[in-house]
Every structure is written in C-alpha cells, then in structure tokens.
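First up is the structure itself, then whatever we jot down about it.
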Amino acid sequence: MTATKGLEGVVAATSSISSIEDGVLAYRGINIDEMAEHATFEETAYLLWHGHLPNHQELAELKQLLSENSTIPDVLIEQLKLYPKDASTMAVLRTAVSALALYDETANDNSKEANQLKAIKLQAQLPTVIAAYARIREGKEPLAPLPGVSIAHNFLYMLTGTEPDATSVVALDKALVLHADHELNASTFSARVTIATLTDIYSAITSAIGTLKGPLHGGANEAVMDMLREIGSLENAEPYIQRKLQNKEKIMGFGHRVYKNGDPRAKHLQKMSRQLGLMQGDTTLFDISVKVESLVTGQKGLQPNVDFYSASVYTMLGIPKDLFTPIFAISRLSGWTAHILEQLDNNRIIRPRAEYTGQFNQQYIPIELRQ
Ligand SMILES: CC(=O)SCCNC(=O)CCNC(=O)[C@H](O)C(C)(C)COP(=O)(O)OP(=O)(O)OC[C@H]1O[C@@H](n2cnc3c(N)ncnc32)[C@H](O)[C@@H]1OP(=O)(O)O
Ligand SMILES: O=C([O-])CC(=O)C(=O)O
C-alpha cells in the first residue's frame, strides 16, 4: 500500500454533477462559459440538484420555496448577537449552520424529499445568516429578506439596507454561478465523507464550511485581497512579487491541483473586474491584478484560479473582505447539497486506508520506568 500525497490523481467517487475533464468545466454537461453568459444562480442550483435546467414553472416554484424559507429563527439572531464582533465570519457561518439543525425538526430525516427541502432551506438561509451577522457586528439590526427577489439581490439588500443597483446584482449573481460546483474539490469531498456515515445534512455542510475556510481552498479569495492591499500601487507589484517568489512564498489565487493550463472561471471574473473598474472610474485594483498575473504567470507558469479576480470584483461591489469566503459558501452550498443527495442515492461509507509509517512491536513501559 502506497499513499498518494494529497490524493493527487486518485478517483474517489463517481458523480454526474460537474466535470473538469481536459480543463473544461461543465455543470451537468453544460459548459461554464454558457452558464456564465446566460444562467441565473437559481437556475444553476436547480440544474445541479435535478440534472436539468428548470422550465418556467419549476423555476417559479423554486424561487417561491427559497423566498418562503429565507428567514432564520429569532433564537439564532439572538445567538448571533452574542458572538464576538471580530469573529471569523466563516467560523460564525459554520457555527450558525450547526445551530440551525437544532431548530429544524426534520434535521435527522434522511429521506430524499426531506433532504431536498433542507437543501433549499439552507440555500435560502445562508445569505440571511451572513448578512445578519455583518449588520449585528456594526451595531445595526438585521433586516428581513425581501420576498420575490433573487438571492444575489437579497444578499446585497440585507447587507446594506438599500436596494442594490442592477449591475451589482448581475455581477454577484454571475459570481455565484461561477462558484457553484467543482467536482471533488476539498470541501465537497468533506461533505461527501461526512454524509456517507448517514449523519444529517447539517453536519455535512458544517464540515464543508470548515473545509472551505482554509486559505488553500475558498479562503484564498480573502488572502488575495490582503495581497492586493499590501501591494497598493502598480509600481509596487513587481518588487512585491519578486520578493515573494524569492522567499518561496505562495502567491494566493494562483495554481490549481487539476487545472494546469488555467481555470476556465478566471477569465469571466477578470472581465467583470475590468468592467466594474471602468464603470466606477477606478481600475487600480484591476490593473494591479493584471500586473500580478503577468508576473506570476511569466515567472512561475502559474495561472490565476477562481479566487484571484473574485477578490477585486467583490471589493468593487463594496463587500467587506471577510465576507468573500462566506459568499463562496453561499454559492457552493448548491454543489455541496447536490453531492450530498447524490452520495445518499448510492451510499457506501468512505473509508480509505493509510500507509502506516510508524514503528511496530513496541512495548508498554510503565510510567515510573519512562525517561
Ligand atoms: C477554490 C479553490 O480552492 S482554488 C485554489 C485556491 N488556493 C490558492 O489560491 C492558494 C495558492 N495555491 C496553492 O496553494 C496550490 O496551487 C493549490 C493548493 C491550489 C494546489 O496545490 P497542489 O496541487 O498541491 O500544488 P502543488 O503545491 O503541488 O504545486 C506544485 C508546485 O507549484 C508551486 N505552487 C503552487 N501554487 C503556488 C502558488 N500559488 N504560488 C507559488 N508557488 C505555487 C508549489 O510550491 C510547488 O512547487 P515545488 O514543486 O517547487 O514544490
Ligand atoms: O477544485 C478544486 O480543487 C478547488 C476549486 O477550484 C474549487 O473548489 O472551485
């Protein structure tokens, strides 16, 4: 038995949800470029959950269900008020999702119908939780979700208390479409491992949120923003990146386990970053990002991943840095829950082996004889 570090190249599940064969990302067979161009996030979630795009009636029903389920229990709002104001927002989200299970009497019902409804419920509630905490920590009261608007619209409204402009809604919606699913990435794998024990969906999503939080995965978008801020100006990009590369430090938002010739989502986010910069009359963040990309790609051959340009996009949408990864979680929840449902459809506990590298034939030494 020989272990493969990081399970690189190991095929650990079958799935018909999304594919990244030959560097082409597709949701249920539909190329991500088409999805980014035409689909809304609600359509994307439906596609991931059901395997086909919704017709008018199916989409209307999903939107209705999302709307009906978007409030969170008052008791959770009271809990959010008790959390430290400077807590990690991903830790808050992870804790809140775990707490939501306590107030859902269907939490342990693992029937397909109950889990499908819980997927919708979580999809509707995550934005409300994040926006509520973001307001509470600023000393403001959380806002109730608006009925009949998209998740992107509602999230921006609940965050700011004002009706978002159409450009911002479209940009956030597209970002949600682009992040929705990605084959067997670390957080999805974690969700599948957890649900495969036949525990409840809240436990699996809690695992997934904890996994997405790390800077090698979803947390990289926040680290990218730290880097762009540290660089601060176009002239500073080159010395900054040279220094990092000389010190053999990682450049966040670059590289990918599977994509070696570029992440097909990055170009869409790059385009959005440019457009938002031009519209706002300030392309500094975009310009610094492009410079960083040319330096890192030129010198290391590493390409930007989905997290790189999303940092400047979210910042230009006025979103605080520590909400970037929670936004990723809002989107990826659709993929996580699709994978959880798929895992349960044909379940077997996920239990690989480890290559043991420790000692054999050791003896128990009584404590008084130990050195
Ligand atoms: C949504 C997402 O999760 S997308 C990924 C988000 N994460 C990041 O952006 C963090 C930065 N990137 C990375 O840490 C990595 O590229 C990962 C985690 C994405 C992929 O990791 P792996 O598949 O294990 O790549 P691995 O670490 O083997 O990289 C191969 C080589 O490229 C180097 N490398 C990879 N990424 C980077 C980077 N961002 N900056 C500098 N060097 C890098 C590695 O140091 C390694 O060099 P070596 O062979 O000299 O040791
Ligand atoms: O697939 C991966 O390893 C990481 C990634 O790009 C994602 O989760 O979107």
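The values are calculated or read from the model by the stated rules, or taken from the named source; none is laboratory data. Keep in mind it's a predicted model, so treat the numbers as computed, not measured. Methodologically, a virtual Cβ is constructed for each residue, glycine included, from the backbone with ideal geometry; neighbour enumeration extends over all protein chains shown.
Quick notes
- Within the range 207-264, the set of residues being among the acidic types (Asp, Glu) and away from ligand 1 (no atom under 12 Å from the Cβ) comprises ASP226, GLU230, GLU235, GLU238.
- Residues that are within 14 Å of ligand 2 (Cβ to nearest atom), within 12 Å of HIS339 (Cα to Cα) and not charged (D, E, K, R) within the range 178-214 comprise ALA180, HIS182, LEU184, ASN185, SER187, THR188, PHE189, SER190, ALA191, ALA208, listed in sequence order.
- Condition met for LEU53 (touching an Asp or Glu at 6+ places or on another chain (Cβ under 7 Å) and surrounded by 13 or more Cβ atoms within 10 Å (Cβ to Cβ)): yes
- Helices (runs of 4 or more DSSP H) contained entirely in the range 90-204, each with at least 2 residues that are surrounded by fewer than 16 Cβ atoms within 10 Å (Cβ to Cβ): 112-136, 166-179
- The range 240-275: number of residues that are touching a helix residue (DSSP H, G or I) at 6+ places or on another chain (Cβ under 9 Å), assigned to a helix (DSSP H, G or I) and not aromatic (Phe, Trp, Tyr): 14
Results for (1) farther than 17 Å from ASP226 by Cα; (2) assigned to a helix (DSSP H, G or I); (3) more than 16 Å from ligand 2 (Cβ to nearest atom); (4) in contact with a helix residue (DSSP H, G or I) (Cβ under 8 Å, 6 or more places away or on another chain), shown as yes or no for each residue.
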{"residue": "MET279", "(1), (2), (3), (4)": "yes, yes, yes, yes"}
{"residue": "PHE308", "(1), (2), (3), (4)": "no, yes, no, yes"}
{"residue": "SER312", "(1), (2), (3), (4)": "no, yes, yes, yes"}
{"residue": "ILE319", "(1), (2), (3), (4)": "no, no, yes, yes"}
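- Selected residue [outside the structural domain of ILE32 (by TED's automatic domain parsing), of a type in the set (Asp, Glu) and touching a strand residue (DSSP E or B) at 6+ places or on another chain (Cβ under 7 Å)] from GLU293, GLU355, GLU368: GLU293
- Test: residue in the range 326-340 that is out of contact with any His (no Cβ under 6 Å at 6 or more places or on another chain) and assigned to a loop (DSSP other than H, G, I, E, B): no
- The listed residue being free of Cβ contacts under 8 Å to residues at least 60 places away in the same chain and under 23 Å from GLU42 (Cα atoms), out of GLU78, GLU105, GLU141, GLU68: GLU68
- Checking each residue in the range 205-219 for being assigned to a loop (DSSP other than H, G, I, E, B) and touching a His at 6+ places or on another chain (Cβ under 9 Å) picks out only GLY218.
- Within the range 11-30, the set of residues being surrounded by 12 or more Cβ atoms within 10 Å (Cβ to Cβ) and either hydroxyl-bearing (Ser, Thr, Tyr) or free of Cβ contacts under 8 Å to residues at least 40 places away in the same chain (or both) comprises SER15, SER18, SER19, ALA26, TYR27, ARG28, ILE30.
- Test: residue in the range 279-290 that is among the hydrophobic types (A, V, I, L, M, F, W, C), out of contact with any Ser or Thr (no Cβ under 7 Å at 6 or more places or on another chain) and within 8 Å of ligand 1 (Cβ to nearest atom): no
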